[in-house]
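Presented below is the structure to which this report refers.
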Amino acid sequence: MQKEWMKASVSYTLVNADHKKGVKHSFSNVAKDVKAEAVSAFGNILETLVDGDITDAAVTSTDRVTVDEKATAPATPVVPVA
């Protein structure tokens, strides 16, 4: 089995008078190893452009996993005899 990174995105939640429960703003093409500080700094920039507060950020990553053609079943556990 092999795991390969494909893409990442970040979604910010904006809360303001019109969106009291929050509205999501998503951005694609995020770096593979994006740091929390960079996500936070970009959120601060967004707050200067919109009316409201960024209350949450979520980074989502997509990986491709190759699966072996023949997967073996796990061994059946031995049941102790009483």
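Where a number appears in this text, it was derived from the coordinates with a stated rule and is not lab data. Remember, it's a predicted structure, so these values are computed and weren't measured experimentally. Here the Cβ is made from the backbone with ideal geometry for all residues, glycine too, and neighbour counts use every protein chain on show.
Structure summary
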{"quantity": "Sparse-neighbour loop sites [chymotrypsin sites (Phe, Trp or Tyr not before Pro); the chain; at most 14 other C-beta within 10 Å; DSSP]", "calculated": "none"}
{"quantity": "Under DSSP loop assignment and at most 10 Cβ neighbours within 10 Å, longest trypsin sites (Lys or Arg not before Pro)-free interval of the chain", "calculated": "36-69"}
{"quantity": "Charge tally in the Cβ shell below 14 Å around residue 5, where Lys, Arg are +1 and Asp, Glu are -1, residue 5 excluded", "calculated": "+1"}
{"quantity": "Those GluC sites (Glu not before Pro) in the chain that DSSP places in a loop and that have at most 11 other beta carbons within 10 Å", "calculated": "69"}
{"quantity": "For the chain, alpha-carbon Rg over 2.2 N^0.38 Å", "calculated": "1.82"}
{"quantity": "Sites residue 25 and residue 4 - FRET efficiency at Förster radius 22 Å, r taken between beta-carbons, to 0.05", "calculated": "0.20"}
{"quantity": "Crossing angle, helix 36-49 versus the chain [Cα axis fit, 0-90 degrees, rounded to tens]", "calculated": "30 degrees"}
